């Protein structure tokens, strides 16, 4: 029994041991991801509420502009990947962080900039916010393809799956701290309105730290020398030319089909920041611990990744993504069923308690699905990309979100306005709201859209599994060759020592 335990622990930690082959820049990249994550999640947790309560937006306008932010983000991401492949990592980081920090400052100090610095009226100052949102979207667009390219570049073939799991691990640690250490404490100390401004501006400071760390990255430190591109090869290409090459490639066309089929479940991911904040506060109350509840999802992902990273690497990527999408879509069932059903459970006596149980259950189940889907999705795209087009593939993989975010920004705003408006909780407590006029009907609509994705991909599974298997076999072949060469080298050394003796 003791031997079995020792073997289990040895196998478990060996899955993390592959990271010792990674370059120092891999760990710096994860620190950049951590800082960028803190900056991003401190904002996205409260973005719609910030626009409503501090900036004076209506419900429809707040969700619309958060949707526009994500639309611009996805639109810019489609273009910046090719720029990263051509000008290199450090220059791309510089452009991205500079624009991102400028946009965040405009968002956080919109009133000061508009009324005091530019002499605009209060109604005119809203254009400073619009400009800040656009700049934030452009700057943020550089982060994902650049960080994903860095992870691939600084990891060996053997360590790459675990490297992408760690990338997602650091992201979710940042999401936890953003909610627990900043969102809730700052709202408590400074109040719900001024506290929101502090949250936005402290998040900006993390972007500054992230940019400083980028200066220490060695972008030429390829973990796999064969993937190295010379500067001459990179400078001879143009962004539009590179995009044209990518679009014509058969592997990308298969990848694009897969991405479009994930559109339904992608809507569920966008709900976390477009619809959930209003839903939480309007069904339970303004004193609802928004940051704490938002920390449940990343906490489960962090603990789950630490526990099952060695297990995840034993399954095919596409299979895990199908399982993950199915679980994430199913999570909406807990909020789509009538809240009165929860009152049948002993200990649940009020509608507020019923909604709280529904919310927590949905978050927990959704997190398990995301745990299986999201890390492997990034790895799947990076593995499909040729060595000279990683950032281009990663950026173009944002196409489904390019469609999902604005769609959900408009649909989410309408659904919230009609089915989860301010003051609906009192009507529900009084029993004056039926299912077809309740927030549960809103989640039923989203549930129907979400389940389309896993069903569609499962039906076309053969296309993607074939591509995935081929990529895996190619990687395993390369690793095997490297291992054989290493063994031959060791044998040669031993023969040489023997002859000398």
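The values are calculated or read from the model by the stated rules, or taken from the named source; none is laboratory data. These numbers come from a predicted model, not from an experiment. All Cβ positions, even for glycine, are placed from backbone atoms using ideal geometry, and neighbour counts span all protein chains on display.
Tabulated results
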{"item": "Total residues in the stretch 353-377, condition more than 19 Å from residue 300 (Cα to Cα) and either surrounded by fewer than 17 Cβ atoms within 10 Å (Cβ to Cβ) or under 15 Å from the mean Cα position of the chain (by Cα) (or both)", "result": "1"}
{"item": "Residue that is nearest to the chain's Cα centre (by Cα) [pool: residues in the stretch 395-423 that are buried (at least 19 other Cβ atoms within 10 Å of the Cβ) and either modelled with pLDDT of 80 or more or closer than 17 Å to residue 440 by Cβ (or both)]", "result": "412"}
{"item": "Residues within the stretch 124-141 that are without any contact (Cβ under 8 Å) to a residue 24 or more places away in the chain, buried (at least 19 other Cβ atoms within 10 Å of the Cβ) and in a helix (DSSP H, G or I), tallied", "result": "1"}
{"item": "Condition check for residue 188: farther than 21 Å from residue 91 by Cβ and either modelled with pLDDT of 85 or more or part of a helix (DSSP H, G or I) (or both)", "result": "yes"}
{"item": "The stretch 435-462: number of residues that are within 21 Å of the chain's Cα centre (by Cα) and not in a helix (DSSP H, G or I)", "result": "1"}
{"item": "Answer residue from the stretch 337-350, given it is touching a residue at least 60 places away in the same chain (Cβ under 8 Å), closer than 30 Å to residue 455 by Cβ and surrounded by fewer than 21 Cβ atoms within 10 Å (Cβ to Cβ) and is farthest from the chain's Cα centre (by Cα) among those", "result": "338"}
